[in-house]
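Here the structure comes first, spelled out in structure tokens, and everything after it is commentary.
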Ligand code: NAD
């Protein structure tokens, strides 16, 4: 079977590599020449555990090209994994996927299945089929299948090889048979439904996870007010199998390329159809507020950041990825800069991408120690293991004032209690070192 994949981003590249790992031969197409050049040199343009290793291992089964016509013309299956970013009004921008549909129509010379892996609003697969059929240059039969992706960045390879389910939204038996064949070497259960339902499964699943995050963050905010501890609350909730223990870590909100845009897109789609999904609206509002929670906490200690040295640990939207899309660092750092702070940042893999946006307005530190040295306050935005394992005593030793404001609850409050750091986290009581108590009350 000849398989092509359109788009070599987090989804397309991981899908292609995992299909190759399970015995398929795959041609990947991307319009980004730089990416394709890197890939042809055996370098993954994105950071994802195991990805580059598996790319090398299966290099005889994967080809990377920029010329789509060669790839699509005689493919049996074309998997589409291009971006569907957010438009200003919150709706999904379908320009890239529509473009691929036209490219497919222009080039295919034999019957094939087009599987849409990109996250698309309900009804989009029907529209893609229409675009392809209206623009076909040869008399061939095209089946469009919705095949949404559920991988998470940071564990994308594992999530694909050991996925919990493969969702297929099909309108013909032939398409179902071919798609089952694509995944025949994956030992993963199928959920087969129609295209609209498959598209909805993806949004409903993502938005439910985002809702869970916003819910626990609101509970955490109340815990701070009423003197409860969110970690114990999450543990007590998560042990109930009806709730489950995942996505119950309170923090400074969700980010990344999916939850923010997928919540807004579903909300937009509902509004467009004269319906309001109130839970999704609340999810979005809570998250917006949560993202700047650390700065609000810091204002207890400083009226202004002007002239202060601020250490920022963690730039990516979560650990295990170099992706900065919708990361809290992107919301908070401009506020701090505007207020006159001098900022030292550290992240194990995200700094190169960050440099593309904030060229020289912040200092890039090569270690956590370097970032916190002489800092007046340290913000933690991402729970990288290097940060979680960092010796707490070093904050006291190296910082100008050991004020640590942790948006990811990296440290055990009990442990911090006996040190001299002033420690603020999410949904747990603030801990103020004995020597610092007086200064905190005075507020500097
Ligand atoms: P991405 O931005 O990382 O990659 C998209 C790629 O498509 C880019 O490399 C771009 O150059 C390429 N592209 C654009 N137009 C093209 C064309 N005409 N032909 C070939 N390539 C083209 O995107 P991503 O994060 O991989 O997401 C892709 C889709 O999958 C989105 O709809 C997203 O919502 C969905 N998704 C993403 C994740 C995730 O964790 N990133 C998880 C599940 C689903």
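Each reported figure results from applying straightforward, stated rules to the coordinates on display, with no laboratory input. As the structure is a computational prediction, the values presented were derived from the model and not from experiment. Cβ atoms come from the backbone with ideal geometry, glycine included; neighbour counts cover every protein chain shown.
Beta-bridge orientation, segment 293-436: approximately 5 percent antiparallel, per DSSP, counting only bridges with both partners inside.
In the chain, the longest principal axis of the Cα atoms and the axis of helix 259-272 are about 60 degrees apart. Of 425, 367, 75, the residue with the greatest mean-square motion in the GNM of the chain, using alpha carbon springs below 10 Å, is 367.
Antiparallel versus total DSSP beta bridges in segment 2-193: what percent is that, nearest 5? Bridges in segment 2-193 that DSSP calls antiparallel: roughly 5 percent. Taking the Cα atoms only, what angle lies between the long axis of helix 124-135 and the longest principal axis of the chain, rounded to 10 degrees? Computed tilt is about 40 degrees. FRET efficiency for the pair residue 349 and residue 397, taken as 1/(1 + (r/R0)^6) with r the Cβ-Cβ distance and R0 = 22 Å, rounds to 0.25. The simple spin-label model puts a point 7 Å past each Cα toward its Cβ; for residue 52 and residue 304 those points are separated by 4.5 nm.
Placing a label point 7 Å from the Cα of residue 134 along the Cα-to-Cβ direction, the residues of segment 171-196 whose backbone N falls under 20 Å of that point are 196.
Treating r as the C-beta distance of residue 279 and residue 43 and R0 as 41 Å, the FRET efficiency rounds to 0.45. Where both bridge residues fall in the chain, DSSP classifies roughly 5% of the beta bridges as antiparallel. Roughly how many Å is it from the Cα centre of segment 17-50 to that of segment 244-263, as a whole number? The two parts, judged by their Cα centres, are 27 Å apart.
Between 102, 202, 264, the Gaussian network model of the chain with springs among Cα atoms under 10 angstrom shows the greatest mean-square fluctuation at 102.
Taking the Cα atoms only, what angle lies between the long axis of helix 328-338 and the longest principal axis of the chain, rounded to 10 degrees? It works out to around 50 degrees. For the chain, modelled as a Gaussian network with Cα springs under 10 Å, which listed residue fluctuates most, 148, 189, 241? Per the Cα network of the chain with a 10 Å cutoff, 241 tops the list.
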